[in-house]
Amino acid sequence: MDNVRAHRLSAARGHGRTHSGDERRRVALLKPSTKGPLEEQEDPLSDSMISSRPTSPPTSVRSSTPRPFSPALSTASSTIDPISTTKDLSFLLRPENFHPLPTPTLPAAFLRSPHAPTPNTPLATLLAGGHFHAAASTAVRQLTSLPVSAAPDTIFALYYTRLACLTLVNQTSLAATEAKVLGDLTSAFYTHPITGAHIVPWPLRVLAVRLQALGFGEWRRGIMAYYVLAQDARQEITRARQEAHPEEEALWLSRLHDLGIRVASALVEMGDLESAGRHLRTLQTAGPEDNTRQAAVMEALVWFRVGDLAAARACAERVAGKSEGRASTAAPSSDDGESTREDQDEFSGDITTRILWALSHTAAGAFPVAISAWRALHADFPHDGLVAQNLAVCLLYTGQLTEARGILEGLIDDPEIPAFQALLFNLCTVYELCTERAKEMKGKLIERVASKEPMGSGWGFATTEFKLEPGVGVS
């Protein structure tokens, strides 16, 4: 009898897909290797490591130009070979994979706005208008209604839209749970049976790394997965160089740099800010100037968050193209809060450099100098929301509530600047500080925001984002 039972168990394991309530069984360990990517003598995310890597088998490239972040993936440029459609992806279409979204407590002004979407609004229109909550629900409806024979590029595009929209509406934990269904994207199941090319679009592979790390609570796994993707990117760079495809080489170089930035982001989410700063420094040793400059800017922001103003200002010096020697001796500002001659030099240059200088004064508490720097920036870039809001915050800290309120309300009324969460919070805070009719002023603010033309960065804000209790009525 025991032999018969054992035979049946063996046969059951040999046929079909193993079903288990434990999602970890689907997500296998990362590919083993005799020498892991974190054991390299040099940073494997550095461009200097590319030339020493062996060439991989030819694989497909989906696009010839870098794609900016978007919750939508284009299926028109997909180059998945028809043979990959024999993959059984029906497990991605099951309704039980997806969870209902919490109903947003939108103020009535948004619900009756002419810009509010309807249930029949196309997915592309929802994404273009920033209606990410509705887009997430629409993507699920389309996914679960697809036939089993649907093309992989259609399935993966909708899946990416669903996960990206969940992230954009602050439902990252829900997205992390749903990303587990994808399983191990480095497994052979997701590769072309002949060419070995990956059938999952690159943006979805990258997004899934963070979400699965969150879902399983394994940040080390997430960082290792980024390095695995970096190995694929380096192989594609080598292949593009050998085949003389400069556009593909530029695409994969940008993707490799993006992976390095994401590793630093993961370290920040882990709370290891100093390691994130050191890692960002390694990304500045080689590569295009724009990439090294971006890494230096991000390193400066990390040191601002740590509170190391000297290190942050040294990064600002590098961004400005100044000498390392001067960076080590430069001070954020004079003790009496007055502008020094060096500070006067910081009012010139490109916007990124000037913002870093202004932030250094703000972080040091030198508000007179900081306000001067932000005013100069605001005069040169009147439609920059980041600049205007930082100026308003500095004015708020120095008790200049009336001017701060005027600047923030100007951002709300500016048709070129979309409303954003921090702006709403700061303006509602100003209302609470300067008037006893704060609730009434917040109600008028809701009406103004709801009347703004939808933009791709997001439209529709919950009642709590206006510092009001859910269900509180405002006229």
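The values are calculated or read from the model by the stated rules, or taken from the named source; none is laboratory data. What you see is a predicted model, and the numbers here were worked out from it, not measured in a lab. Every residue, glycine among them, receives a Cβ derived from its backbone with ideal geometry; neighbour counts consider all protein chains shown. Just so you know, the surface numbers come from the protein's heavy atoms only, side chains and all, with ligands and any DNA or RNA stripped out. Shrake-Rupley method; radii C 1.70, N 1.55, O 1.52, S 1.80 Å.
Key figures
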quantity: Condition check for ARG162: open to solvent by less than 70 Å² (accessible area, probe 1.4 Å) and at pLDDT 95 or above; calculated: yes
quantity: So LEU101, is it open to solvent by less than 40 Å² (accessible area, probe 1.4 Å), modelled with pLDDT under 90, within 21 Å of the chain's Cα centre (by Cα) and within 23 Å of GLY196 (Cα to Cα); calculated: no
quantity: Test: residue in segment 247-268 that is surrounded by fewer than 18 Cβ atoms within 10 Å (Cβ to Cβ) and over 30 Å from ARG305 (Cβ atoms); calculated: yes
quantity: Test result for ALA312, of a type in the set (A, V, I, L, M, F, W, C) and modelled with pLDDT under 95; calculated: no
quantity: Single unsatisfied condition, ALA233 versus (1) touching a residue at least 60 places away in the same chain (Cβ under 8 Å); (2) under 25 Å from GLU289 (Cβ atoms); (3) among the hydrophobic types (A, V, I, L, M, F, W, C); (4) buried (at least 20 other Cβ atoms within 10 Å of the Cβ); calculated: (1)
quantity: Selection within segment 452-466 - part of a loop (DSSP other than H, G, I, E, B) and either within 18 Å of LEU168 (Cβ to Cβ) or at pLDDT below 90 (or both); calculated: LYS452, PRO454, MET455, GLY456, SER457, GLY458, TRP459, GLY460, PHE461, ALA462
quantity: Selection within segment 153-175 - within 14 Å of the chain's Cα centre (by Cα) and closer than 24 Å to ASP88 by Cα; calculated: TYR160, THR161, LEU163, ALA164, ALA175
quantity: Any hit, segment 204-215, residues being touching a strand residue (DSSP E or B) at 6+ places or on another chain (Cβ under 9 Å) and open to solvent by less than 40 Å² (accessible area, probe 1.4 Å); calculated: yes
quantity: Among (1) on the phi > 0 side of the Ramachandran plot; (2) open to solvent by 20 Å² or more (accessible area, probe 1.4 Å) - the single one GLY130 does not satisfy; calculated: (2)
quantity: Check on GLU403, open to solvent by 10 Å² or more (accessible area, probe 1.4 Å), closer than 25 Å to PHE466 by Cα, modelled with pLDDT under 95 and of a type in the set (Asp, Glu); calculated: no
quantity: Residue match in segment 351-360 (condition: more than 25 Å from the chain's Cα centre (by Cα), of a type in the set (S, T, N, Q) and either in a helix (DSSP H, G or I) or modelled with pLDDT of 95 or more (or both)); calculated: no
quantity: Matching option when the condition is touching an Asp or Glu at 6+ places or on another chain (Cβ under 9 Å), part of a helix (DSSP H, G or I) and either closer than 14 Å to ALA109 by Cβ or of a type outside the set (Asp, Glu) (or both), among VAL449, VAL387; calculated: VAL387
quantity: Scan of segment 269-281 for residues that are closer than 12 Å to GLY222 by Cβ and exposed (fewer than 15 other Cβ atoms within 10 Å of the Cβ), ordered by number; calculated: GLU269
quantity: Matching residues, segment 165-189, being among the aliphatic types (A, V, I, L, M) and open to solvent by less than 10 Å² (accessible area, probe 1.4 Å); calculated: LEU166, ALA175, ALA176, ALA179, LEU182
quantity: Filter result (over 15 Å from the mean Cα position of the chain (by Cα), open to solvent by 20 Å² or more (accessible area, probe 1.4 Å) and at negative phi) within segment 193-203; calculated: PRO193, ILE194, THR195, HIS198
